[in-house]
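The values are calculated or read from the model by the stated rules, or taken from the named source; none is laboratory data. All of these numbers come straight from a predicted model, not from anything done at the bench. Here the Cβ is made from the backbone with ideal geometry for all residues, glycine too, and neighbour counts use every protein chain on show. In case anyone asks, the SASA skips ligands and DNA or RNA and just uses the protein heavy atoms, side chains included. Shrake-Rupley method; radii C 1.70, N 1.55, O 1.52, S 1.80 Å.
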Amino acid sequence: MARDGRRVVVTGAAAISPLGHDWATIHARLRALRNAVRAMPEWDVYEGLNTRLAAPAAPFELPPHYNRKTTRSMGRVALMAVRASELALQQAGLIDHPVLRGGRTGVSYGSSSGSHEAVGEFGRMLSSFSTDGITATTYLKMMSHTAPVNIGVFFGLSGRIHTTSSACTSGSQGVGEAYETIRAGRQTVMLAGGAEQLDATAAAVFDTLFATSVRNAAPATTPRPFDAGRDGLVLGEGACTLVLEDLQHALERGATILAEVRGYASNSDGQHVTQPSSPTMAHAMRLALEDAGLDAARIGYINAHGTATEHGDIAESQATAEVFGSAVPISSLKSYVGHMLGACGAFEAWVSIEMMRSGWFAPTLNLEDPDPRCAALDHIIGDGRTLQVDHVMSNNFAFGGINTSLVFARFDASAA
């Protein structure tokens, strides 16, 4: 187990994602080897925007208690985060459980930003010199901590809130900081993860860096992580929440345990805002292994960040090879759902856990000709791979040079 402190387990998880919102649906979509990328004709109105591709979240229904009063402070990003959290709590058997009260449950959650409509309303104020359209809830929907705060209010949580607004590592830092909080004995349960709302402005961020895919007429063929023919990333959308819990508390209430969180690390490149650094990526992986008390050889599968961008793929592959060599199976889930930004770290961690439990690991779609500039790795391709492993690693890397690595273990009840 981790070097010191309490053991931390995952007892619930759910998502609002492009592939669906429960593991059975998502698993079936992965097995079908089809991505969720589609054309976005509604983006045709934006002059200068090159990409017309994205992977929006699949439609989802809200129960009646999501009414005007309970959702007035939520934009779409917070709404997805709250609904994913409710589904995760239901799976964990914690809806209305006493542990949610008295400050024993907290939130560690993030997104790149709040809802874009609210940001736009303040932008219009600057250009029109008028506050028309701005209401008492506009800022509440725009603020960077809108997702975790709305989760806390919706479920009446009075524990601590960590806001992990760090772009592509928002979700993985959310999970990692929740793990460290419980391990230190500061909380019993944490709702952890991340969310991101799809919007053309987010696509424009990467479009201006020439980092988006423009295979607009062939959505099924992109993104292509680590492939020589890749032409950039595709944005995704959604939210994912993991319920992390103190092991003893989970055992005492008879919870079903999905996995144990064994290690976490986060560091920064300290060099460039948008150019990744392979050495510090590798160091983050080593720190996570050290935290988990594991040798690299114990990791049976790696979920790659795998954005299908040139600099990112090359640096990540080189960092992975430096730590693990070429023997560990690896794949990128972004080939199915695109880059879910703030949600990707939590979603990819959850799916990695479920693949470990099922014994089948999804391949990287569209990887036909590995880029020779990338380090040689054991890429899972084709129809996927059947593997029995006890430990998986999920890596994510963000603008600003923020690197994260999470390690999960198959739960061994005999060692509890």
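With all protein chains in place and a 1.4 Å probe, the accessible surface of segment 1-51 carries 49 percent carbon and sulfur. Of the accessible area of segment 235-384, computed with a 1.4 Å probe over protein heavy atoms only, carbon and sulfur atoms account for 48 percent. So, counting K/R as plus one and D/E as minus one, what does the shell of residues with Cβ under 13 Å around residue 309 add up to? Charge balance in the 13 Å sphere: -3.
The candidate values were (1) 133; (2) 212; (3) 176; the one computed from these coordinates for volume of the Cα convex hull per residue in Å³ carries the label (1). Each of the peptides 327-338, 349-360, 18-29, 75-86 was scored by the mean count of other Cβ atoms within 10 Å over its residues; in descending order, highest first, they stand as 75-86, 327-338, 349-360, 18-29. Under 20 Å from a label point set 7 Å out along the Cα-to-Cβ vector of residue 208, the amide N atoms of segment 254-281 belong to 272-276. Placing unit charges on each Cβ (+1 for Lys and Arg, -1 for Asp and Glu) gives the chain a dipole about its Cα centre, and among 282, 379, 16 the Cα reaching farthest toward its positive end belongs to 16. On the beta carbon distance between residue 22 and residue 413, with R0 = 22 Å, the FRET formula returns roughly 0.35. For segment 219-366, averaging the sequence separation of C-alpha pairs within contact (under 8 Å, six or more residues apart) and dividing by the residue count gives a relative contact order of 37 percent.
Residue-wise HN-Hα couplings along segment 180-188, as the Karplus relation 6.51 cos²θ - 1.76 cosθ + 1.60 with θ = phi - 60° gives them from phi, are 5, 5, 5, 4, 7, x, 7, 9, 8 Hz; Gly and Pro carry x. Amide H contacts of residue 402: 269, each under 5 Å away and 5 or more positions distant or on a separate chain (H built 1.01 Å from N in the peptide plane; Pro and chain starts excluded).
3J(HN,Hα) along segment 239-245: 8, 9, 10, 10, 8, 9, 8 Hz, from the Karplus curve 6.51 cos²θ - 1.76 cosθ + 1.60 with θ = phi - 60°, whole Hz, x for Gly and Pro. Take the Cα of residue 322, step 7 Å toward its Cβ, do the same at residue 228, and the gap between the two points is 2.5 nm.
List every residue whose amide H lies under 5 Å from the amide H of residue 53, counting only residues 5 or more places away in sequence or on a different chain, with H placed 1.01 Å from N in the peptide plane. Residues meeting the amide H criterion: 40.
On a per residue basis, the chain carries 38 Å² of accessible surface, using protein heavy atoms and a 1.4 Å probe. Among 216-224, 281-289, 146-154, sorting by the average number of other beta carbon atoms lying within 10 angstrom of each residue, highest first, gives 146-154, 281-289, 216-224. Annotation for residue 132 and residue 220: the two label points, set 7 Å from Cα along the Cα-Cβ direction, are 4.8 nm apart.
Taking a ≥ b ≥ c as the square roots of the eigenvalues of the Cα gyration tensor, segment 1-149 is classed as oblate, since a/c reaches at least 1.5 and a/b does not exceed b/c.
Quick one: length gained pulling residue 387 to residue 158 fully straight, 0.36 nm per residue minus the C-alpha distance? Gain on extension, residue 387 to residue 158, equals 78.3 nm. In this calculation the C-beta distance from residue 66 to residue 256 is compared with R0 = 22 Å, giving a FRET efficiency of 0.25. The relative contact order of segment 71-198 comes to 40 percent, based on Cα pairs under 8 Å that sit 6 or more residues apart. What the Cβ-Cβ distance of residue 42 and residue 368 gives, at R0 = 25 Å and to the nearest 0.05, is a FRET efficiency of 0.25. For the chain, the relative contact order works out to 23 percent when only alpha carbon pairs closer than 8 Å and six or more residues apart are counted.
Determine the gain in length on full extension of the stretch residue 139-residue 101; use 0.36 nm per residue of separation and subtract their C-alpha separation, reporting nm with one decimal.
10.9 nm
Positive-end ranking of 142, 156, 370 along the dipole of the chain, with charges on Cβ about the Cα centre, is headed by 156. For segment 317-393, a/c is less than 1.5, where a ≥ b ≥ c are the root eigenvalues of the C-alpha gyration tensor. That puts it in the rounded class.
Classify segment 17-70 as rounded, prolate or oblate, taking a ≥ b ≥ c as the square roots of the eigenvalues of its Cα gyration tensor: rounded when a/c is under 1.5, otherwise prolate if a/b is larger than b/c and oblate if not.
oblate
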